[in-house]
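What follows is one structure encoded as structure tokens, with my remarks underneath.
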Amino acid sequence: MTTAMGELQSVLHPAGADAAIVHQFSWVLFVGGAIIFVAVMALLALGMRREAHPVRPKLWIFGAGIAFPVLVLTALLTWSTWRSAELAPQTSHKALTISVTGKMWWWEVRYRDPASGREIVSANEIHIPVGESVYLGLTASDVIHSLWVPSLAGKRDMIPGRVTGLNLRADKPGVYRGQCAEYCGEQHARMAFHVIALPRPEFDAWLARQGAPAIAPDTTVLQRGRDAFLAHSCQTCHTIRGVTDTGNNLQQQIADISRRGPDLTHVGSRRTIGAGTLNNHRGTLAGWIADPQAIKPGVFMPPSHDMDGETLRALATYLEHLK
Ligand code: CUA
């Protein structure tokens, strides 16, 4: 399925080696199953017409009822075992490693900045270089989620207290939609994300931009937006690097871990908000801040009914500007 935003989420359009193997499995099982189903129905129809004169019943029972399924299932088992061995080994060795944590109901994504060694935290978008094996270290912080990008690989569960792994490789640049594939509460259906595969130089440039602290506000509206962010205690749940830092590294790390909401340092650079729920621009940001419960009931973020319209606009403008 190609969604309105042009990105692809489809098991029928593989764009990576593992997805191609899963795709082949699906077609062999689907077409093979369909042929056998049609043959059985045809024989059934034939049998009903010739009810009075059964033709060699033993041959049908032992041949078609026992020998044929044994042959077909043995062949399928052998072939699928052989093909499965060609799936990418699940290893972080020599692969770019990205940590993804499933949360109710969004995805925290952590990269290691090659320049400084610091962690870069983002949300709901996984940028990867094209043609390279990427290892996703997966876990969850509340309930079990499951990461699934049908165009690139199979599913992998994300389990609290455990780390699982999934190797991905995109062979073509593009935007691949993924979603949570394990029921995780009332907003499970609005727990989507995007994998954005970029040529290596563009990926490096993107990572360098993400590693930088937030752009400083340079107009009065933007300053007002930043001040509103701090005045309304948004930093209790959200980090904006360069704005919410306390200066103390350990304190900062503890605060980061306990924070419940996405890191907003570069929120303006993301395609969507609310984990694929809305396109990301000033209008949707303002709507979300005013009443997230109306858009995604059950999320942890409370509504901001006490915020006046002008402050709300300034805050949304400020967040949109955080590219
Ligand atoms: Cu997370 Cu379903």
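The values are calculated or read from the model by the stated rules, or taken from the named source; none is laboratory data. These numbers were taken from a predicted model, which means no experiment stands behind them. Backbone-built Cβ (ideal geometry, glycine too); neighbour counts: all protein chains shown. Protein only, heavy atoms only, side chains kept; ligands, DNA and RNA dropped before computing areas. Shrake-Rupley method; radii C 1.70, N 1.55, O 1.52, S 1.80 Å.
Treating the beta-carbon of each Lys and Arg as +1 and of each Asp and Glu as -1, no other charges, what is the dipole magnitude of the chain about its Cα centre, to the nearest 20 debye?
Details: 30 positive and 26 negative charges, 209 e Å.
Dipole magnitude for the chain comes out near 1000 debye.
Would you mind giving the average projected area, over all directions, of the Cα convex hull of the stretch 96-211 in nm² with one decimal? Spell out each step's value before the answer.
Details: hull surface 25.8 nm².
Directional mean of the projected Cα hull area for the stretch 96-211 stands at 6.4 nm².
In deg cm²/dmol, rounded to 500, what helix-only [θ] at 222 nm does the chain give when every DSSP H run of at least 4 residues adds -39500 (n - 2.57) and the total is split over its residues?
Numbers: 8 runs with 110 residues, N = 323.
Estimated from H runs of four or more residues: -11000 deg cm²/dmol.
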- Computed label-point distance, nm, for sites residue 216 and residue 30 using a 7 Å Cα→Cβ extension: 5.6 nm
- Helix 200-211 axis, angle to the chain major axis (alpha carbon atoms, nearest 10°): 40 degrees
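Can you tell me the FRET efficiency between residue 230 and residue 41 if r is taken as the Cβ-Cβ distance and R0 is 51 Å, rounded to the nearest 0.05?
So the FRET efficiency works out to roughly 0.15.
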- Query: According to a simple spin-label model (label point 7 Å from Cα along Cα-to-Cβ), what is the distance in nm between residue 83 and residue 118?
  - Reply: 4.7 nm
- Message: Quick check: pseudo-label points 7 Å beyond the Cα along Cα→Cβ at residue 208 and residue 61, how many nm apart are they?
- Response: 7.7 nm
- Query: When you take every Cα atom in the stretch 2-84, what is the radius of gyration, and what is Dmax, the widest Cα pair distance, in Å?
  - Reply: 19.1, 61
- Query: In the stretch 133-279, what is the volume of the convex hull around the alpha carbon atoms, normalised per residue and reported in Å³?
  - Reply: 147 Å³
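Over the Cα atoms of the stretch 91-153, compute the convex hull volume and normalise it per residue, giving Å³.
Values: hull volume 6.5 nm³, N = 63.
It is 103 Å³ per residue.
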- From the C-alpha gyration tensor of the chain, square roots of 5λ in Å: 50, 22, 16
- Query: Just for the Cα atoms in the stretch 220-321, what are the lengths along the principal axes, largest first, rounded to whole Å?
  - Reply: 36, 33, 27
- Item | Sequence-distant lysines (8 or more away, or on other chains) whose Cα lies within less than 21 Å of residue 103 | 155, 296
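Pop out the carbon and sulfur fraction of the accessible area of the chain as a percent, whole number, probe 1.4 Å.
On the way: 10780 of 17160 Å².
Carbon plus sulfur share of accessible area: 63 percent.
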- Message: Using the alpha carbons of the stretch 1-139, what is the convex hull volume per residue in cubic angstrom, as a whole number?
- Response: 182 Å³
- Could you point to the residue in 10, 65, 32 farthest towards the positive end of the stretch 2-84's charge dipole, with +1 and -1 charges on the Cβ of Lys/Arg and Asp/Glu respectively? 65
